[in-house]
Amino acid sequence: MSSVTESIDVDVPVHTAYNQWTQFESFPNFMSGVESITQVSETRNHWKTKIAGVEREFDTEITEQHPDERVAWKSVDGKEHAGVVTFHRLGDDKTKVTVQMDWEADGLVEKVGAAVGADDRQIKADLKRFKEFIESRGAETGAWRGDVTPPK
């Protein structure tokens, strides 16, 4: 299982960063390799990705979500992966966004990519693009403030 944890400080209030992150269909604006995300329900998304020439489609389920704090998910089909994004208030207009992802590398390209740190660099670059995206806008494109409690 491969794992990545990366953080970035963004110069927007915590609610703005969180609200934008809940707009999954906007991810292609700042996530390299994400071609599209379709929100199927409040907690389910369908992803289409193309990374290093490898195309994938899969569904994810939000397993935990608390406004201005965290969004956690896991795959429900296709390649096994899970993750969590947390939001930490650093000031009135400053937020630390931390992404942790775990996934099963599949095939030679993905295994080599994980081994040489390509995944870490991609997540770090995606976070930089998120920072540029939200700071240049100054406001989120929308918000979903629902609360999802993990199953027991």
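The values are calculated or read from the model by the stated rules, or taken from the named source; none is laboratory data. These figures come from a predicted structure and were not determined experimentally. Just so you know, the surface numbers come from the protein's heavy atoms only, side chains and all, with ligands and any DNA or RNA stripped out. Shrake-Rupley method; radii C 1.70, N 1.55, O 1.52, S 1.80 Å.
Observations, loosely collected:
- Members of the stretch 15-53 found to be outside any strand (DSSP E or B) and among the charged types (D, E, K, R), listed by number: E25, E42
- Reported count of residues in the stretch 8-33, each being within 23 Å of R121 (Cα to Cα), among the β-branched types (V, I, T) and open to solvent by 20 Å² or more (accessible area, probe 1.4 Å), is 1.
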